[in-house]
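The values are calculated or read from the model by the stated rules, or taken from the named source; none is laboratory data. What you are looking at is a predicted structure, and each value in this text was computed from that prediction instead of being measured. So basically every Cβ, Gly included, is an ideal-geometry build from the backbone, and we count neighbours across all protein chains shown. All accessible areas refer to the heavy atoms of the entire protein, side chains included, with ligands and DNA or RNA removed. Shrake-Rupley method; radii C 1.70, N 1.55, O 1.52, S 1.80 Å.
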Amino acid sequence: MNNHGLLLTVLAAAIALSACGGDKEARNDRETVGSTSNQSSSAHDGGDAGTGREVIIGEELGSDTSSDRASATSGGRSTQAYFGDTHVHTGWSADAGMDGAILSPEDAYRFATGEQVKSNTGLEAKLSRPYDWFMITDHSDGMGVINELVAGNPEMMSDPTLKRWNEALNSGDEKQAADAKSELIVLQSEGKLPKAVMDPKWMKSAWEKTVDAAEKFYKPGEFTTFIAYEWTVNADGGDNLHRNVIFRDDASKTRSLLPLTTFETQDPEKLWAWMKAYEDKTGGRVLAIPHNGNMSNGRMFEEKRFDGSPMTKEWAEMRARYEPLYEVTQIKGQSESHPSLSPEDEFADWDLWDRGNLILKPKPPGSFKYEYWRPALKAGMRLEDELGTNPFQYGANAGTDTHTGLSTADDDNFFGKFKTLEPSNKTRWDFPLLSGPTDTYMGWEMAASGITGVWATENTREAIWDAMMRKETFATTGPRMTVRFFGGFDFSKGDAEGDIAAAGYEKGVPMGGKLKTDKGGKRIKFLVAAMKDPEGANLDRIQIVKGWVDGNGDTHEKVYNVKWSGNRKMDGQGHIQHVGNTVDFETAEYANDIGDAQLVAYFEDKEFNPSHKAVYYVRVLQIPTPRWTLYDKVRNKIEMDKKVPMVQQERAFSSPIWYTP
């Protein structure tokens, strides 16, 4: 097994972070899906896997460029998989700055493009691979406040709370700073922030500089930036209803505006109205990505309007128009589904943050089903009959939600969520991350997740934004594995043996697409392909998750194993045995001698009922690999509590394909 290389150089603290990450047998060679390969010779989907005809869905990404992304061409239409982060905070976000973060948007962009920068704690940090696209989503609430607070602005120092925070931030005591940050989050969620924090005059300069930084680093065709911000609703004391607001436009349309804050409104419907007003006035385009529903205490997908009144057709149409994607995974856990909601899903129990909302206010009974993506996808189809529009037709998105300015989704290069949880804190696993009146999330509960892949025609703002809007996206927990997914009625097994992109676009729809009843009474069929991260672990399996609404209006779900590595057999219940585990707990290394580099499948839903609405998405799982906690344990030579997970199965999710009779 080869070394993974120096993904992070920590000079200031002389911490060795040259951790191993498995084989790189494919780093310097093109990897293809659908070509003859001794690693993908089994055909669990019922067809032949090897044909000698290649379907390129991913390509080696070197350390010097991100432009060599693999393409799949169909009838003149070329789409490429570009990777980026939709959720990044710098020291200009109030909570990040309160925790001691000092990096600026320019620092974050330099890091994302592959430059080496100093972290907030003075460590040298560098990505092994730059991103293709990136954005800064600093909180609009309190934007521009933190620098004034640290500097002791006289107007702010007249408020006793702000004066106390100033003293904490300048004390050099990380615990005091972390406590001040937690207090700020609680007060913001309760609508009790000091008035000086809510004055919009602090925002104007910070926003203009944020826009200018995005323009400075935008290099069409090479590195794409987006002008964006986070609208941070913590309703009713911490119920997380945050949205990242992302513009398709440049500074000529965005520099003069002031982002919407929750000081003005906490109602998402009014955010959509603000977005529409922006589009009507400027001719521009804007979308929003809701995130972290797992901490909304049942409010993210509640079946009523924010004020408690009944849903309306207009409400559903506005939500569907302005919110195409949903954040399935990030540092604060996952929002795919919950094991209590999906008891038959053996892989539903992962990265759970399910003990309360953002300030750890306990969850009301029955709240889980209104927090997670999968039940929302099912509920949306049911609500469509009532409202005329599916309000929860969300594609897949992932972001880091880092509050350090450093977007690090690789476990062996993980810089944590806040400055106090950077690698310089050798016991960060046991350091409080978020605290509330009844509970605390500890550092070890952070997930080094995630990033979004988009299938776009080119690396530009317009092309990538358009791909997000049409939901031709996939989310991963961090690895740059590549996922293709097409649905239609006319696919054959042979289509999975050739150019699946050509067949997919010609005969069906890609991820994010919609299908109507086939007049010939055919069953719905899918083509799906996945390729490992060229610098990461092999793949365990491909699954298709199905949700549907029956004739009585009841919703159901089922998980199908459609392709897997090795010679494992499926039992009568559709299950296959575990792929195995090569992780060495003493060295934080693993071997790629299990799993496959690529998996391709043709899947026909033999239980398809043409009279039932249905939704399908792909989930891809890697073989087990070390979690960031194991890397910390080994490099710092420390012991951790037995409850701390050391191994994980990273995964990816496609945007769904919907079927409507």
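Structure values in brief
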quantity: Charge dipole magnitude, Cβ of K and R +1, D and E -1 - the chain, Cα centre, debye nearest 20; calculated: 900
quantity: Euclidean distance of C-alpha centroids, the stretch 554-594 and the stretch 442-484, integer Å; calculated: 23
quantity: Proximal aspartates and glutamates to LYS281, defined as alpha-carbon separation beneath 18 angstrom and excluding residues fewer than eight positions away on the same chain; calculated: ASP249, ASP250
quantity: Shape parameters for the stretch 494-556, alpha-carbon atoms, Rg then Dmax in Å; calculated: 15.5, 48
quantity: Among PRO200, THR261, ASN240 - extreme Cα towards positive end, dipole of the stretch 186-287, charges at beta-carbon; calculated: PRO200
quantity: Cα-based radius of gyration of the stretch 117-221 once divided by 2.2 N^0.38 Å, which approximates compact folds; calculated: 1.28
quantity: Estimated [θ] at 222 nm from DSSP helical runs (n ≥ 4, -39500 (n - 2.57)) normalised by residues in the chain, nearest 500; calculated: -6000 deg cm²/dmol
quantity: Taking the chain and dividing mean pair separation by its residue count, relative contact order in percent (alpha carbons under 8 Å, at least six apart); calculated: 16
quantity: Among ALA409, SER449, PRO423 - extreme Cα towards positive end, dipole of the stretch 409-449, charges at beta-carbon; calculated: PRO423
quantity: Apportionment of accessible area to carbon and sulfur, the chain, percent (1.4 Å); calculated: 47
quantity: Too-long pairs where the Cα-Cα distance tops 21 Å, listed order kept, from LYS216/LYS417; LYS181/LYS209; LYS558/LYS606; calculated: LYS216/LYS417; LYS181/LYS209
quantity: For LEU325, distant residues with modelled amide H under 5 Å away; calculated: GLY395
quantity: For the chain, share of DSSP beta bridges that run antiparallel, in % to the nearest 5; calculated: 85
quantity: Assigned charges on the beta-carbon of Lys, Arg, Asp, Glu; the stretch 352-408 dipole about Cα centre (debye); calculated: 260
quantity: Solvent-accessible surface (1.4 angstrom probe) belonging to ASP354, in square angstrom, nearest 10; calculated: 40
quantity: Pairs beyond 20 Å (Cα-Cα), from LYS471/LYS522; LYS426/LYS642; LYS378/LYS563; LYS126/LYS419; LYS522/LYS613; calculated: LYS471/LYS522; LYS378/LYS563
quantity: Euclidean distance between Cα centres, the stretch 607-628 to the stretch 394-436, Å; calculated: 27
quantity: Centre separation in Å (Cα based) which lies between the stretch 214-264 and the stretch 325-360; calculated: 25
quantity: Option label - volume of the Cα convex hull per residue in Å³ computed here, alternatives (i) 167; (ii) 222; (iii) 143; calculated: (iii)
quantity: In the stretch 559-661, the trypsin sites (Lys or Arg not before Pro) that fall in loop regions by DSSP, at most 15 other Cβ within 10 Å; calculated: LYS569, LYS606, LYS637, LYS642, LYS643
quantity: Listed peptides 313-326, 97-110, 426-439 by packing density, highest first (mean Cβ within 10 Å); calculated: 97-110, 313-326, 426-439
quantity: Packing-based order for 413-421, 539-547, 185-193, using average beta carbon neighbours within 10 Å, highest first; calculated: 413-421, 539-547, 185-193
quantity: Accessible area per residue in Å² at 1.4 Å probe, computed on the chain; calculated: 34
quantity: Net dipole in debye of the stretch 463-565 [+1 Lys, Arg Cβ; -1 Asp, Glu Cβ; about Cα centre; nearest 20]; calculated: 240
